[in-house]
Each structure stands twice: as structure tokens, then as C-alpha cells.
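These notes concern the structure reproduced below.
The values are calculated or read from the model by the stated rules, or taken from the named source; none is laboratory data. In this text, all values refer to a predicted model and were calculated from it rather than measured experimentally. As a convention, Cβ positions derive from the backbone with ideal geometry for all residues, glycine included, and neighbour counts pool all protein chains shown.
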Amino acid sequence: NAGVTQTPKFQVLKTGQSMTLQCAQDMNHEYMSWYRQDPGMGLRLIHYSVGAGITDQGEVPNGYNVSRSTTEDFPLRLLSAAPSQTSVYFCASSYGGGVGELFFGEGSRLTVL
Amino acid sequence: GIQVEQSPPDLILQEGANSTLRCNFSDSVNNLQWFHQNPWGQLINLFYIPSGTKQNGRLSATTVATERYSLLYISSSQTTDSGVYFCAVVNYGQNFVFGPGTRLSVLP
């Protein structure tokens, strides 16, 4: 059972480039989310989804897009990367949203030069 | 929104010592989890504990939702316990709110 899988694990971008962080889960979880973790700032919610076709903004959504075309996948898109988006990104999923147990992927470290 | 505080912010222990980490939250919750972030950055589930007490080996946790706090106990600490411990809560919504974490260092 793979759980929550994120790719890539490491990425270096130049300012203005675009990229997509991939997240997939094989637990048939309805709820999926993206967090960013910065030193001294803890884990902050970027976007979340409560099911296929449904997405919503979290605490820090600016500069990021998401879509949820299937239950399994929840990609995070950076359309024009900025140095302020240098961070570690975590994808997480749960069955039942806020009432379920949250499981995390291993994280993706992004550096924007 | 709900505020989550964790104490202490930093803790240094000698191997074999016991410790208690605390999580306070400002409003009622219907979900609470404890996570361990290891030195490699992985977030590992420790306890899913909206209320009551659970134990898993040397670790145990207690949540008293009516008094808005949760405690994580680590007994006979080992160097592999080092890392950051996060408490995360849900205030009857969809999303978890994380505390700032307690950084634990266990010295050999």
C-alpha cells in the first residue's frame, strides 16, 4: 500500500518558470490537501479538495492552482514561480475530511532562484 | 479561527528520560492528531485522538477536549525520538490547523 505519493522530491526552478507538483493516493480518500512548510511558519494550508471536481482555497492560495479530476490525483501548479515560493510542500489525504485521520506524503522540496 | 499553541517550543533530553508535550487550543474540536517530523522531514502519524487516552509502546497521548488540551507522553526517550512534534486540530470544519511544534533533541 503506497499511501500518498508525491513527485518530484526535489526541484529547482528559475523565477517565472512553471511546474506541477504531483500527488496521488491509493486509499480512496475523498479529502486531499496541499500544505507548505517554511522555517518558523509551521504548516500552512494552500488548497484543499473534498472530492473529485471540488476544490477550495486554504490560508495561502496565491500563486498556486489546483484541480481534482479524479479521486486519486491532486496536482499543485505554480504558473509563474517566485522566490517566495521556495518551500517544502506536503500533500495529505484523509477519509471524511476533518473527521478522518490525515496522512502525509514525503514532501517535495522546491527552490526558486 | 482556532489558535493552537504547543509547549515547550524546544526540549533537550538525555536518552532514557521521560517528557510531556502539551497542545492547547482555543475552541472546541472534533478531531486532533499528533505527528512526528523526523530529521529527514517525513511527517509520521503518532495518534489520532479526538478524545480519551491511547498508548503505543513508549508513547501515549491524552486529549481532554472539554478543557481544550492534549498531552503527548514520551517515556524512556531514544535518540530516534528526536525531531519536531506537531499537534493538529479540526474545529468542526474540513481542515486541520497545526500548532507551531515542539522541537525535541534526545542526546546519547
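Rundown of residues vs (1) under 12 Å from the mean Cα position of the chain (by Cα); (2) closer than 24 Å to residue A:95 by Cα; (3) among the basic types (Lys, Arg), yes/no style:
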site: B:7; (1), (2), (3): yes, no, no
site: B:47; (1), (2), (3): yes, yes, no
site: B:74; (1), (2), (3): yes, no, no
site: B:99; (1), (2), (3): yes, yes, no
site: B:107; (1), (2), (3): no, no, no
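For the stretch B:81-90, state whether one or more residues are loosely packed, with under 15 Cβ neighbours inside 10 Å and either at pLDDT below 95 or of a type in the set (Gly, Ala, Ser) (or both).
no
Within the stretch B:1-35, restricting attention to residues that are of a type in the set (D, E, K, R) and part of a loop (DSSP other than H, G, I, E, B), which residue is farthest from the other protein chains (Cβ to nearest Cβ)? Result: B:15. Within the stretch A:68-113, being in contact with a strand residue (DSSP E or B) (Cβ under 7 Å, 6 or more places away or on another chain), of a type in the set (S, T, N, Q) and crowded, with 16+ Cβ neighbours inside 10 Å holds for A:85, A:86, A:87, A:93, A:94, A:108.
More than 14 Å from chain A (Cβ to nearest Cβ), part of a loop (DSSP other than H, G, I, E, B) and crowded, with 17+ Cβ neighbours inside 10 Å: is that true of residue B:70 in this structure?
Here the answer is no, as residue B:70 does not meet what is asked.
With respect to the conditions (1) touching a residue at least 40 places away in the same chain (Cβ under 8 Å); (2) within 16 Å of residue B:80 (Cα to Cα); (3) within 14 Å of another protein chain (Cβ to nearest Cβ), residue B:40 lacks only one, and its number is (1).
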